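Peer 1: Before I ask anything, let me first share the structure, which is written out below as structure tokens.
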Amino acid sequence: MRLNPYYPPGYLIELGYAYRMTGRYTEAISTLKELIRRSPTFLHAYNNLAASYLWQWRSQQRPEDQRLEEALATAQQALTFKDPLDWNYMVLGYIYLYQQQYDQALAEMERAAALAPREASIYAARAEVLSCMSRTKEALEAAAQALRLQSKGTDEYLEAVGAAYMVARHYEEAQVPLQRYLSHYPNILPVHLMLAVVYSELGQAAEAQKEAAEVLRLNPNFSLEVHKQRMPIKDPAVLERHIAALRKAGLK
């Protein structure tokens, strides 16, 4: 962009994505908003903007609840364009999941799968939703299928695979995809939380504490109570065990 001051709008989608995947959500949001201002029909900008709002909210970087409403409105706007993509439905499904509207979340994941039946990220997202709904057998099948398939994009889907295994209490299976994800994207707070749970449940206290320290590095104001309110695990007993593992790792 410095070398070419007349850069096309496509540069901004790459910059917005880079900001999002390095955990710099405020900058991602401002970049993607600028892209939409310049190119109101740039479909991928809406997907990335909705995802940036969601991950910012999950990371407690902006605690206001309306941030999730902005994510929802942006994702819904993407579906008003001609020929929406599978990722449009997947992002909307994730937003519904974190609003704890489970049936709507699963329905959107099924719409995404209808458009891309061989896409790893769709199976991974579906696995995460099913796991949060305590439909464990189906979740594990979907997670295993995601690992067998190839993603047309990056390896972002490993986060959802790890999340599905973590919620299903298959901690050893969760460990590898989460570690692989963080080896590429080390500043993504929710994934450090997942690994803190995994290590805590596996009795690896030192590793769990290191992950908790990473959470606090990324957000010194992280609140376990806020996380409990936002974590979309439907079964209260499973949610309590999740929170207890994080507390054992040293988070408050």
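The values are calculated or read from the model by the stated rules, or taken from the named source; none is laboratory data. Note that the structure is a prediction, hence the values are computed from the model and not measured. All Cβ positions, glycine included, derive from the backbone under ideal geometry; neighbour counts span all protein chains shown.
Peer 1: Give me the helices (runs of 4 or more DSSP H) completely within the range 24-86, filtered to those with at least 2 residues that are among the polar types (S, T, N, Q), surrounded by 21 or more Cβ atoms within 10 Å (Cβ to Cβ) and touching a helix residue (DSSP H, G or I) at 6+ places or on another chain (Cβ under 9 Å), ordered by residue number.
Peer 2: 43-58
Peer 1: So, one more: Only one of these conditions is not met by TYR157: (1) within 21 Å of ALA18 (Cα to Cα); (2) hydroxyl-bearing (Ser, Thr, Tyr); (3) surrounded by fewer than 19 Cβ atoms within 10 Å (Cβ to Cβ). Which number is it?
Peer 2: The one condition TYR157 does not meet is (3).
Peer 1: Here is a follow-up. For the range 135-144, check the following and say yes or no: at least one residue is in a helix (DSSP H, G or I) and closer than 21 Å to HIS227 by Cα.
Peer 2: No.
Peer 1: How about the range 85-142: which of its residues are more than 24 Å from HIS170 (Cβ to Cβ), acidic (Asp, Glu) and in contact with a Gly (Cβ under 9 Å, 6 or more places away or on another chain)?
Peer 2: The one that is more than 24 Å from HIS170 (Cβ to Cβ), acidic (Asp, Glu) and in contact with a Gly (Cβ under 9 Å, 6 or more places away or on another chain): GLU108.
Peer 1: Would you confirm, using the coordinates I've provided, whether ALA244 is farther than 25 Å from ALA120 by Cβ and either crowded, with 19+ Cβ neighbours inside 10 Å or touching a His at 6+ places or on another chain (Cβ under 9 Å) (or both)?
Peer 2: Spelling it out, it is not the case that ALA244 is farther than 25 Å from ALA120 by Cβ and either crowded, with 19+ Cβ neighbours inside 10 Å or touching a His at 6+ places or on another chain (Cβ under 9 Å) (or both).
Peer 1: From (1) closer than 20 Å to LEU189 by Cβ; (2) more than 16 Å from the chain's Cα centre (by Cα); (3) not charged (D, E, K, R), pick out the condition that doesn't hold for GLN99.
Peer 2: Just one mismatch for GLN99, condition (2).
Yes/no matrix, rows are residues, columns are (1) touching a helix residue (DSSP H, G or I) at 6+ places or on another chain (Cβ under 8 Å); (2) under 30 Å from GLU14 (Cβ atoms); (3) basic (Lys, Arg); (4) crowded, with 16+ Cβ neighbours inside 10 Å:
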residue: ALA127; (1), (2), (3), (4): yes, yes, no, yes
residue: ARG135; (1), (2), (3), (4): no, no, yes, yes
residue: LEU140; (1), (2), (3), (4): yes, no, no, yes
residue: LEU149; (1), (2), (3), (4): yes, yes, no, yes
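Peer 1: Now a separate question. For the range 153-173, state whether one or more residues are over 24 Å from ALA196 (Cβ atoms) and of a type outside the set (D, E, K, R).
Peer 2: yes
Peer 1: Continuing with the same structure: Name the single residue, out of those in the range 1-29 being at pLDDT 95 or above and of a type in the set (D, E, K, R), that is farthest from PHE42 (Cα to Cα).
Peer 2: Ranking the candidates gives ARG24 first.
Peer 1: Considering only the range 16-23, I want to know if a residue exists there that is buried (at least 16 other Cβ atoms within 10 Å of the Cβ) and touching a residue at least 60 places away in the same chain (Cβ under 8 Å).
Peer 2: Yes, the conditions are met somewhere in the range 16-23.
Peer 1: Look at ALA105 and say whether it is in contact with a Lys or Arg (Cβ under 8 Å, 6 or more places away or on another chain), in contact (Cβ under 8 Å) with a residue 24 or more places away in the chain, of a type in the set (Gly, Ala, Ser) and farther than 15 Å from TYR165 by Cα.
Peer 2: Against the criterion (in contact with a Lys or Arg (Cβ under 8 Å, 6 or more places away or on another chain), in contact (Cβ under 8 Å) with a residue 24 or more places away in the chain, of a type in the set (Gly, Ala, Ser) and farther than 15 Å from TYR165 by Cα), ALA105 does not qualify.
Peer 1: Moving on. Just checking: which of the helices (runs of 4 or more DSSP H) contained wholly in the range 160-252 hold 2 or more residues that are closer than 23 Å to GLU141 by Cβ?
Peer 2: Result: 171-184, 189-201, 236-248.
Peer 1: Do you know which residues across the range 196-213 are surrounded by 19 or more Cβ atoms within 10 Å (Cβ to Cβ) and of a type outside the set (Gly, Ala, Ser)?
Peer 2: VAL197, VAL198, TYR199, GLU201, GLU211 - these are the residues of the range 196-213 that are surrounded by 19 or more Cβ atoms within 10 Å (Cβ to Cβ) and of a type outside the set (Gly, Ala, Ser).
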